[in-house]
Structures are given as C-alpha cells and as structure tokens.
Amino acid sequence: MTTMATRVDAVDTRGDEPFLRLTWTDPMTGAHGYLVVHTLVGDLATGGTRMRAGCTMSEVEDLARGMAAKTAVFDLPVGGAKGGIDFDPKDPRAVDVLQRFCQAMRPWLNAHWVTAEDLGVPQHLLDEVFERLGLHQSFHAAISRAVDPAITLERVRTSLNAPVDGGFLLGDVIGGYGVAQACIATANAYRWAPTETTVAIQGIGTMGGGAAWYLHEAGMRVTAVADAAGTLYCADGLDIPALLDLRDEYGEVDRSRVPSHVEQLPRDAVLGIPADIFVPAAISYAITAENVGRVAGRVVIEAANSATTPDAEAVLTARGVPVIPDFVANAGAVAWAWWVLLGWVGTDPEDSFQRLRTEMLTKITLLVERWALDHVPPRQTARELAATNHGVTTSRTVTIP
C-alpha cells in the first residue's frame, strides 16, 4: 500500500520565506519562467502554472504563498507552490515555450509538484504537454504515488470531463462554482434575498464565467461583466448564458453580437458599478491604492489570485467593505482536485457540488459573521482557520486509492 506521510511545519503563510525559488530561461525565445515552492507536505506541493507577458518572480512567490494558505484552509494534505512564465499566451510559440518549461521542471513535476491550469494556460493544453512528456496528466506527481495509479488516473480524467448543465465539463466550472457559492453564502449571511442581490464581475474566463453562470442559475442579478474589451452592463441583469456563448477561446465576448440594450462601457468601469458584491476574477492586483476609491461593491469576493493589494484592502476595510480572500473564495478548484485524487468525492458531479457547497457555506459564514459582529477582517479569520486546521506541527498518513 502506498501512503503519503504528511508533516506540516510552520504553516503561517503571512510572509514567511518559501522553501524554494527556481528561475528558468527559455533557450529559444529568452522567456523567463519561475517555480516557487512555498511549503512541502509529505514531499508534495500543489499550484497552477500561469503564462502572461510581464509575469514576475515576486508575483509567483505571492501566488505560491496563497496556495499554501488554500491547502491549509481546506485542510488538504499537500503544500503550496506556483509556476509562472513571462510570455504572451496568444503568441503562436506559446505552447512550445510551455512544453520546454515543463521539461525543465520535470524533476519537480515528476515527483513533487502537482500543477493545473491557471491564467493563460487551460487544463487541456497542460495535459497535452504532459502527455508529450510521458507524464500523462498534470496531477502526475500525486497519481504516481497511488495504490493503483491507473485507477486513480482514470478517476481524475472521468471527473475532469464529467458533463454538467450548460454543456460544460466539471473540471472547467468547479472553481467558478466555488466562487458562486462564496457569493451565495455571503448573501445568506447578510440575509439578502438572492433575487435582490446584484453582482458585478471583472473577468468572464474560466473562473469568472463559471461564477457568473451559477450565480445566474441561483437567481442573482449579474448586472455587469468585464473582459479585455470592456464592461457590459444592464441594470436589470445580463443574460449570462447568452453572453457566455459569445466568448472566444480567450474569454472575450464578440461585441458585434451583444444585444443593443446592453451598455458597452470602458473596461475599468466595472469597478464603479454599484453592486452588493464585486468579484474581481481577471488578474492579480486588480484593486490597488490608485483605483480603490472607485470600487462600489458592498463586499469584495476575490476570484482572481491576489486580486487586492494590501494597501487597497486596508482602505476597503476602513470603509466597512469586507474582502473575502482568494485563498478561501477561489480555493474550490484545488480542494476539489484533491478530493478527487484522494477518493473523497465520487465521479458524479452532484457529489462534488454538494461537498463544495457545504464547505464553502461553513467557511464563508464564519468569515462574514465575525466581520459583522467584531469587525475582524475576513483575511485574518481565514488565516486563523488555516493555522487551526494544520497547526504548527501535524503528522498524519494519507493513502491515495
């Protein structure tokens, strides 16, 4: 029987030094790539690989720290890491750059680092690269430790590709579903009726689009969505399913087919749309000291990693606007992936939805109620939850079936 001996040390993720930083230079294009392993648990760390022009080591380090917090909040037996490549994902050479990066990081991907999709790198493309490298799937480092790797691989593939309502695949929408549940749990905690709750979303790619879909399904009014081309706004609520059908492969809506009653505004206008909930779901550091004064949401729920800079969050907190941190609100995808790996959910999508819905409701309710009663910032409560779950030194043995 194969087991993971799990030891967690020093899981306070408020700025401690990461376990490892690696920098790579692509010999063909000169592009730089980075891997940061913030914590190892049982010799494993998990975190996506992103690609964008301008990606930096400090960005990847911040994201790896956030991944360590996510795994702690959801009490997962794995540490946190992140990969990043400074290259335009729309460049025709991007796939080859990604493959060379993964080849260079193969010692880590083979045995220690479980990665997945992130900004600019869709899961199907990542899995294609892993297949070419003989690693089969991006969860390889964990799958290879299973009692029966072939069965675990099949379970992962079946779960990722399980069809769900709307013509989507479970693996593509589970992260957005988790964000939607964070929004719904927040509304419940404030006793806002779903049909009277308004939401503005910055970004409608995998995460933002999934969140928009499930919020629309829940009866909330998504009044504004923004992509790289601008903000689409309708005070009565947007027809989210119709808009999602107009997206291209980069998550941008075909403006020539947008209904005439939908207002087309500048991209950053989404920040100032009055809404009960504002969901930044596009890029890191979307809310900064320079633009925080324009944020009109009553609650900010981070779907993008590190969506709010610390100084901007301090301003929002002082204004009475709570920020639900990314390492809770958008952790559904990583939590679900490990539930699948460990066999803690079945391959029926409803099993996954129910567990994520229940866990998100519990955590968000705790954060919002402590804010409402004692004005404790949600990020502080979430960090305390992470420390409670994993402790300073915890040992356990976990089997991957």
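The values are calculated or read from the model by the stated rules, or taken from the named source; none is laboratory data. What you are looking at is a predicted structure, and each value in this text was computed from that prediction instead of being measured. Don't worry about glycine lacking a Cβ; one is built from the backbone with ideal geometry, like all the others, and counts go over all protein chains shown. Protein only, heavy atoms only, side chains kept; ligands, DNA and RNA dropped before computing areas. Shrake-Rupley method; radii C 1.70, N 1.55, O 1.52, S 1.80 Å.
Show which lysines lie in cross-link reach of Lys70 when reach means a straight Cα distance below 17 angstrom and same-chain residues fewer than eight apart are skipped.
Filter leaves Lys82, Lys363.
Check which residues have an amide H placed less than 5 Å from Leu44's amide H, if you skip close sequence neighbours.
Gly79
How many percent of DSSP beta bridges within the chain run antiparallel, rounded to 5?
55
What net charge do the residues around Ala53 carry, taking every other residue with its C-beta under 15 Å from that of Ala53, with Lys and Arg at +1 and Asp and Glu at -1?
-2
Using 1/(1 + (r/R0)^6) with R0 = 22 angstrom and r between the beta carbons of Glu290 and Tyr250, what's the FRET efficiency to the nearest 0.05?
Computed FRET efficiency for Glu290 and Tyr250 comes out at 0.25.
Tell me, what ³J(HN,Hα) does each residue in region 108-123 have, in order and in whole Hz, if you take phi through Karplus 6.51 cos²θ - 1.76 cosθ + 1.60 with θ = phi - 60° and put x for Gly and Pro?
My calculation for region 108-123 gives 7, 5, 6, 10, 9, 10, 9, 10, 7, 5, 7, 3, x, 10, x, 4 Hz in order.
Around Ile273, what is the net charge, scoring Lys/Arg as +1 and Asp/Glu as -1 over all other residues with Cβ under 13 Å from its Cβ?
Local net charge: +1.
In whole Hz, what ³J(HN,Hα) sequence does region 356-368 give by Karplus (6.51, -1.76, 1.60; θ = phi - 60°), x for Gly and Pro?
For region 356-368, the Karplus curve yields 5, 4, 5, 5, 5, 4, 4, 6, 5, 4, 4, 5, 5 Hz.
May I ask for the net charge around Leu243, where only other residues with Cβ less than 12 Å from the Cβ of Leu243 are counted and Lys, Arg are +1 while Asp, Glu are -1?
Taking every other residue near Leu243 into account, the sum is -2.
What is the set of long-range amide H partners of Thr399 at a cut-off below 5 Å, with H atoms built 1.01 Å from backbone N?
So Thr399 has HN proximity to Met4.
Please give the calculated 222 nm ellipticity per residue for the chain, where each DSSP H segment of at least 4 residues contributes -39500 (n - 2.57) and the sum is spread over every residue; nearest 500 deg cm²/dmol?
-12000 deg cm²/dmol, from helical runs alone.
Is the C-alpha gyration tensor of region 243-382 telling us rounded, prolate or oblate? Criteria: a/c under 1.5 is rounded; beyond that, a/b larger than b/c is prolate, otherwise oblate.
oblate
Select from Met28, Met360, Met57 the residue whose mean-square fluctuation is largest in a Gaussian network model of the chain (Cα-Cα springs shorter than 10 Å).
Checking each option, the largest mean-square fluctuation is seen for Met28.
What is the angle, in °, between the Cα long axis of helix 206-217 and the longest principal axis of the Cα atoms in the chain? Nearest 10 is fine, range 0 to 90.
50
When only the heavy atoms of the protein chains count and the probe is 1.4 Å, how do Lys82, Lys90 rank by accessible area, highest first?
Lys90, Lys82
In Å and whole numbers, how far do the C-alpha atoms of region 6-132 stretch along each principal axis, longest first?
41, 28, 21
How much of the DSSP bridge set in region 219-360 is antiparallel, in percent, rounded to the nearest 5?
Antiparallel bridges make up about 55 percent of those DSSP assigns within region 219-360.
Measure nothing fancy, just the Cα-based angle from helix 57-73's long axis to the longest principal axis of the chain, in degrees from 0 to 90, nearest 10.
90
Report, by chain and number, residues whose modeled amide H sits under 5 Å from the one on Asp118, excluding near sequence neighbours (fewer than 5 apart, same chain).
Amide H neighbours of Asp118, under 5 Å, 5+ apart: Thr49.
Solvent-accessible area per residue for region 92-206 at a 1.4 Å probe radius, Å²?
Value for region 92-206: 39 Å² per residue.
State, to one decimal in nm², a quarter of the convex hull surface area for the C-alpha atoms of region 329-373, i.e. the direction-averaged projected area.
It is 3.2 nm².
Can you compute 3J(HN,Hα) from phi for each residue in region 43-49, using the Karplus curve 6.51 cos²θ - 1.76 cosθ + 1.60 with θ = phi - 60°, rounded to whole Hz and x for Gly and Pro?
Once rounded to whole Hz, the list reads 6, 10, 9, 10, x, x, 10.
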